[in-house]
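Visitor: Sharing a structure with you now.
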Amino acid sequence: MKQFIKDLFSENSSVSMMRLMALISLLIGGYLAIKGKDTSVVIFVTAAFGGKVIQKQIETKKDQN
């Protein structure tokens with residue numbers, strides 16, 4: 001477990017902090033949808049996918065240069 005946490009913060013690791021945060025955000029959004037808090041669901045789902053999309057665009061742009 002200690003190694004997993006260290007890998008989350010490492011730059012050269014197969015474990016991705018961004019993926020973990022996106023998963024947590026998506027799970028919170030799903031929970032809120034089940035509980036009927038519809039106004040908050042959009043925020044968490046957007047955070048789950050929006051951050052990853054922006055990260056991918058930046059990485060793709062950097063690879064092209």
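Visitor: Please count how many residues of the range 1-30 are over 19 Å from Ile54 (Cβ atoms) and outside any helix (DSSP H, G or I).
Guide: Of the residues in that region, 7 qualify.
Listed here are the residues, each with its yes/no results for (1) modelled with pLDDT under 80; (2) of a type in the set (A, V, I, L, M, F, W, C).
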position	(1), (2)
Leu27	no, yes
Lys35	no, no
Gly50	no, no
Asn65	yes, no
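Visitor: Only one of Ile34, Ile58, Ile28 is within 30 Å of Met1 (Cα to Cα), out of contact with any Pro (no Cβ under 9 Å at 6 or more places or on another chain) and not hydroxyl-bearing (Ser, Thr, Tyr). Can you tell me which?
Guide: Numbers: Ile34 fails: within 30 Å of Met1 (Cα to Cα); Ile58 fails: within 30 Å of Met1 (Cα to Cα).
So the residue among Ile34, Ile58, Ile28 that is within 30 Å of Met1 (Cα to Cα), out of contact with any Pro (no Cβ under 9 Å at 6 or more places or on another chain) and not hydroxyl-bearing (Ser, Thr, Tyr) is Ile28.
Visitor: Okay, next question. Under 9 Å by Cβ, and 6 or more places apart or on different chains, what pairs join a residue from the range 31-45 that is at positive phi and in a helix (DSSP H, G or I) with one that is among the hydrophobic types (A, V, I, L, M, F, W, C) and modelled with pLDDT under 85?
Guide: none
Visitor: It is to be established whether one or more residues within the range 13-22 are surrounded by 11 or more Cβ atoms within 10 Å (Cβ to Cβ), modelled with pLDDT under 80 and over 15 Å from the mean Cα position of the chain (by Cα). Even if it seems obvious, please write down each step before you answer.
Guide: Of the residues in the range 13-22, the ones surrounded by 11 or more Cβ atoms within 10 Å (Cβ to Cβ) are 13, 15-22.
Restricting the remaining residues to those that are modelled with pLDDT under 80 gives 13, 15-19.
From what is left, the residues that are over 15 Å from the mean Cα position of the chain (by Cα) are 13.
Checking the range 13-22: at least one residue is surrounded by 11 or more Cβ atoms within 10 Å (Cβ to Cβ), modelled with pLDDT under 80 and over 15 Å from the mean Cα position of the chain (by Cα).
The values are calculated or read from the model by the stated rules, or taken from the named source; none is laboratory data. Just so it is clear, the structure is predicted and the values come from calculations on it, not from any experiment. Positions of Cβ are backbone-derived with ideal geometry, glycine not excepted, and every protein chain shown enters the neighbour counts.
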